[in-house]
Structure formats: structure tokens, C-alpha cells
Amino acid sequence: MKRSLSGIKPTGKLTLGNYIGALKNFPKFQEEYENFIFVADLHALTLPIDPDYLKNNTRDLVALYLACGLDPNKTTIFLQSDVSEHSELNSILQNYLYMGELSRMTQFKDKSKKLNQNAIGLGLFAYPVLMCADILLYNADVVPVGEDQKQHVELCRNLVHRFNTRYNKEIFVMPEPIVPQVGARIMSLSDPTKKMSKSDEKGDIFLLENLKSIEKKIMRATTDLGSDIKYDKENKPGISNLLMIYASLKDISVEEAEEHFKDCHRYGDFKKEVASVVIDTISKIQNKYNGIISSNLVDEVLKEGAKKAKAVASITLKNVQKTVGIYGK
Ligand code: AQP
């Protein structure tokens, strides 16, 4: 059976962007693939983060994985830090990626320009190396991600080619990024030219946010001049973003969403309908989350998941160690 792997960083409260671009799609993969979903807690350290905040976010993230439909009997759900092979493979792979290619990564450029230039952590720069280790340890055939992470999976493909060619063996499987057709990049509601992001609270909708507040944010979302509900990213980024959110949550194409709103010429009415779909989706998730977070399920799932993940990861690591010549492995 082919394998699928993906993860999310517990750097903040999960957003509707994380849901539409990633989480919503994860359960589909457990039906067709041997599915691995992890919490990227080591990646969360690449920018300063409060330890208690990180701990709470980690627990919430696992509860949200379950609330959004991941079934621990079909998906191995685990913490990156529970499987030490991620760090061990990372330290080998860092020798096969080049500083030039890492410095061209858009995420590094975007995140580092917001920092004091004398205090950019090595971990932020080397983020894609650890991401390669995450993917390759499980020999994932597919990696479901939002648009922003596609470049890192492409870099991983270069690494696989480089590594397998150098040792003249198919050590690693070539991973394929899978980006959703609708909603691969949900934008901020306050500035629709910027990505909706956990670390930028203003224009975000959070999965665990109060429903009234979500409604208010959607009703106040930045829109554009005119009154037509048309998808036009250049000239109508605000309306296009809301249309994208609607289409994704209704599981229809953007064209079908446009058709649905063709007789609607009031942004207020349009926003009300978008808000109702968002609230319907999020309230169902919150109900399930509330049951899970007050039980022991998160700890049980993580304990089991770590064992299953380690069993796979340790075989790959040994194989790589042997290949590169680490004595006695
Ligand atoms: N706005 C978005 N639209 C669609 N997909 C998105 N993803 C994130 N934001 C959007 C997808 O969610 C998955 C998990 O992302 P991550 O937490 O590992 O890192 P990220 O992409 O950097 O997410 P954030 O929310 O922007 O976090 P911060 O602010 O901490 O950096 C990925 O598949 C991502 O594509």
C-alpha cells in the first residue's frame, strides 16, 4: 500500500487556512493510503515560542486531528519529537542539501525578513532539511500540503534524486506533493493579499474561536469595489478569497460557487451565506473537540502512534546509516 505523510506545526491556534489547505483533506488519505500524520513540534521551535503555549497547542492539535476525522485505527498520529529518528536522519541529510538552495526558499525569505538580521536561527534556515527527514523516514509516496509548502517538497524531490544517484540505489521513494485544487492558499480576511497564517492574528479565523466572533470577522472582511460575486484574484482579492472558502467548504468548484451567487448583488448577503457555511463546519469540529480534549484520548493516541511510527522510521534510518557507511549498523 502506498504511503501518505503530512504534519502541522503547533505554533499557534489552527486557522481556517490550515483546515482548508491541509486538515480537511487528511482523512481522505487514510482510506487510500497507509497514512502518517504528525505534530511538527520540533519545527515549532524555529521561531521563539513560549513552552506552555507550545504544550497546549500540541494537545489541541492532536484533538483537532481527531475532531476533523482522523481515525487512529487507520492513521498513525504521532509527535515528531517522540521519534528520535527524525533528528538523527536530519543530521545526515543536512550534508546533502546546499546553503544556496536553502536560502532561496520563500518561507525562509518571508520569515527571516521579519526578524532581527543578527538573530536568525539556524533551525529556521535548515527547516526544509528536517522536513525532508520527516517525509523520507516513512518513504511517503504523497505529501498533502497547502501551496506554501509545495516548494519544500520539491526540494525534497531534488534531495532524493541526489542521494539515490550518489549511492546508486533506490534508498528513498520519490515523494509527490498533493495540493488541494480549491483552497490551497486561503488569504487573510483583513488583508486578502496576505496568507491567512497562525502567527498573524488579525485576519484569521481560528478553529477554536467563538462562533459570534467568526461571524463578525466575516461580515467585516475586506472586500472590493463593485457588487458582483466574481472570482478575480487581481481585482477582487477579498471576494475571491471568500468565494474560495465557500467553494472549499461546500466541496464544489469556484465556478460552481460563482454560479450559485450569480443573482446576488449585495456583498452583505454573500458574506452572510459564507459565514453560515463556515460556522456550520467549525461548530461541528468544536463539538467533537470538546469531547476529546476532556478525555485521555490524546495521550493514548500519541503513545500508540509513537510506537507505530518508530517501527517504520527505525528501519529507514538503519538503511540510510548502512548506505552512507556508518560502521556497525
Ligand atoms: N492560508 C493557508 N491556506 C491554505 N493552506 C494553508 N496552510 C497553512 N496556511 C494556509 C497549510 O497548513 C499546513 C500546516 O502548516 P504549518 O503549520 O506546518 O506551517 P505554515 O504553512 O507556515 O502555517 P501557518 O499557519 O502559516 O503557520 P505559522 O504562522 O506558524 O508559520 C501546511 O500544509 C500548509 O501548507
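The values are calculated or read from the model by the stated rules, or taken from the named source; none is laboratory data. Note that the structure is a prediction, hence the values are computed from the model and not measured. Glycine also receives a Cβ, built like all others from the backbone with ideal geometry; neighbour counts cover every protein chain displayed. Side chains included, ligands, DNA and RNA excluded: accessible areas come from the protein's heavy atoms. Shrake-Rupley method; radii C 1.70, N 1.55, O 1.52, S 1.80 Å.
The single condition among (1) open to solvent by less than 50 Å² (accessible area, probe 1.4 Å); (2) over 29 Å from Lys24 (Cβ atoms); (3) part of a loop (DSSP other than H, G, I, E, B); (4) not charged (D, E, K, R) that Gly69 does not meet is (2). Residues considered: Leu189, Leu155. Of these, the only one that is hydrophobic (A, V, I, L, M, F, W, C), open to solvent by less than 20 Å² (accessible area, probe 1.4 Å) and not in a loop (DSSP other than H, G, I, E, B) is Leu155.
Every residue, every condition in (1) over 30 Å from Lys217 (Cβ atoms); (2) within 12 Å of the ligand (Cβ to nearest atom), yes or no:
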site: Phe26; (1), (2): no, yes
site: Val62; (1), (2): no, no
site: Gly69; (1), (2): no, no
site: Ser81; (1), (2): yes, no
site: Glu85; (1), (2): yes, no
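When you check Lys230 against the structure, is it of a type in the set (Lys, Arg) and under 26 Å from the mean Cα position of the chain (by Cα), yes or no? No.
Put simply, of Lys74, Lys113 the only residue that is closer than 30 Å to Ile245 by Cα, modelled with pLDDT under 95, open to solvent by 10 Å² or more (accessible area, probe 1.4 Å) and away from the ligand (no atom under 13 Å from the Cβ) is Lys113.
Which of (1) loosely packed, with under 12 Cβ neighbours inside 10 Å; (2) touching a helix residue (DSSP H, G or I) at 6+ places or on another chain (Cβ under 9 Å) does Gly325 not meet, given it meets every other one? Here Gly325 meets the rest and fails (2).
Just checking, which of Leu97, Leu115, Leu124 is aliphatic (A, V, I, L, M) and either in a helix (DSSP H, G or I) or in contact with a Ser or Thr (Cβ under 8 Å, 6 or more places away or on another chain) (or both)? Result: Leu124 is the single residue among Leu97, Leu115, Leu124 that is aliphatic (A, V, I, L, M) and either in a helix (DSSP H, G or I) or in contact with a Ser or Thr (Cβ under 8 Å, 6 or more places away or on another chain) (or both).
Suppose the filter is open to solvent by less than 30 Å² (accessible area, probe 1.4 Å), in contact (Cβ under 8 Å) with a residue 60 or more places away in the chain and touching an Asp or Glu at 6+ places or on another chain (Cβ under 7 Å); does Gln80 pass it? In short, yes. Of all the residues in region 25-65, those that are in contact (Cβ under 8 Å) with a residue 60 or more places away in the chain and assigned to a helix (DSSP H, G or I) number 11. With respect to Gln80, determine if the residue is under 19 Å from Gln151 (Cα atoms) and not hydroxyl-bearing (Ser, Thr, Tyr). Against the criterion (under 19 Å from Gln151 (Cα atoms) and not hydroxyl-bearing (Ser, Thr, Tyr)), Gln80 does not qualify. So is Ser197 of a type in the set (S, T, N, Q), part of a loop (DSSP other than H, G, I, E, B) and open to solvent by 10 Å² or more (accessible area, probe 1.4 Å) or not? Spelling it out, Ser197 is indeed of a type in the set (S, T, N, Q), part of a loop (DSSP other than H, G, I, E, B) and open to solvent by 10 Å² or more (accessible area, probe 1.4 Å). The set of residues from region 258-302 being closer than 26 Å to Asp232 by Cβ and open to solvent by 80 Å² or more (accessible area, probe 1.4 Å) comprises Glu259, His260, Lys262, Asp263, His265, Arg266, Lys272. Taking first residues from region 269-286 that are under 15 Å from Asp251 (Cβ atoms) and partners that are polar (S, T, N, Q), no Cβ contact under 8 Å between residues at least 6 apart in sequence or on separate chains turns up.
Of the residues Asn210, Asn158, Asn139, which single one is under 23 Å from Val62 (Cα atoms), of a type outside the set (A, V, I, L, M, F, W, C), in contact (Cβ under 8 Å) with a residue 24 or more places away in the chain and away from the ligand (no atom under 16 Å from the Cβ)?
Asn139
What about Asn235, is it under 16 Å from Asp280 (Cα atoms), polar (S, T, N, Q), free of Cβ contacts under 8 Å to residues at least 60 places away in the same chain and open to solvent by 70 Å² or more (accessible area, probe 1.4 Å)? So Asn235 fails the test. Of the numbered conditions (1) within 12 Å of the ligand (Cβ to nearest atom); (2) closer than 22 Å to Lys202 by Cα; (3) open to solvent by 30 Å² or more (accessible area, probe 1.4 Å), Ala44 satisfies every one except a single condition; which is it? Of everything listed in (1) within 12 Å of the ligand (Cβ to nearest atom); (2) closer than 22 Å to Lys202 by Cα; (3) open to solvent by 30 Å² or more (accessible area, probe 1.4 Å), Ala44 misses just condition (3). Scanning region 303-321 for residues that are more than 24 Å from the chain's Cα centre (by Cα), buried (at least 16 other Cβ atoms within 10 Å of the Cβ) and among the hydrophobic types (A, V, I, L, M, F, W, C) returns Leu317, Val320. Only residues that are closer than 21 Å to Gly203 by Cα and either outside any helix (DSSP H, G or I) or in contact with a helix residue (DSSP H, G or I) (Cβ under 7 Å, 6 or more places away or on another chain) (or both) were counted in region 231-269, giving 14.
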